[in-house]
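Colleague: Structure in structure tokens, see below.
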Amino acid sequence: MAKTPAYKVNIGTISRGTMRNEDLIPAFARLLDDLRDPANLAHAAIVKESYEMIEHDLLDSEDAAWMLNEGLFDALNEYAPEDCYFGAIEGDGSDFGFWPVWA
């Protein structure tokens, strides 16, 4: 699948030192909200659902885990620059951001 056009993202850390949904979902939802193309309704729905989970204190639910792993990570990865990915940096599973793919 082709990546979304190159939006300006910074290579590096977005969240470090935690793997808790309570920390990651708000950070990643805000980032997706900032980056997303307003016409992308799928990403708008992910942001909306994430904010609703935050508002209703549902961040420890199975739905929140799915949202983080299948919704936010996948959506943010679409904004990664060429030859980069969104996720944990190699060697530190709690340092999330945009990182170069080392071949």
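We did not get these values from a lab; they are worked out from the coordinates using the rules stated. Since the structure is predicted, the reported quantities are computational estimates derived from the model, not experimental observations. Note that we place each Cβ from the backbone using ideal geometry, even for glycine, and neighbour counts take in every protein chain shown.
Colleague: Could you say whether any residue in segment 60-82 is exposed (fewer than 15 other Cβ atoms within 10 Å of the Cβ) and either touching a residue at least 60 places away in the same chain (Cβ under 8 Å) or touching a Cys at 6+ places or on another chain (Cβ under 8 Å) (or both)?
Modeller: yes
Colleague: Tell me whether segment 82-93 contains one or more residues that are in a loop (DSSP other than H, G, I, E, B) and either touching a strand residue (DSSP E or B) at 6+ places or on another chain (Cβ under 7 Å) or within 16 Å of Asn21 (Cα to Cα) (or both). Steps first, answer last, please.
Modeller: Let us first name the residues in segment 82-93 that are in a loop (DSSP other than H, G, I, E, B), namely 82-83, 90-91.
Narrowing further to those that are either touching a strand residue (DSSP E or B) at 6+ places or on another chain (Cβ under 7 Å) or within 16 Å of Asn21 (Cα to Cα) (or both): 83.
Yes, segment 82-93 contains a residue that is in a loop (DSSP other than H, G, I, E, B) and either touching a strand residue (DSSP E or B) at 6+ places or on another chain (Cβ under 7 Å) or within 16 Å of Asn21 (Cα to Cα) (or both).
Colleague: Looking at (1) among the hydrophobic types (A, V, I, L, M, F, W, C); (2) without any contact (Cβ under 8 Å) to a residue 24 or more places away in the chain; (3) touching a helix residue (DSSP H, G or I) at 6+ places or on another chain (Cβ under 6 Å), which is the only condition Leu41 fails?
Modeller: (3)
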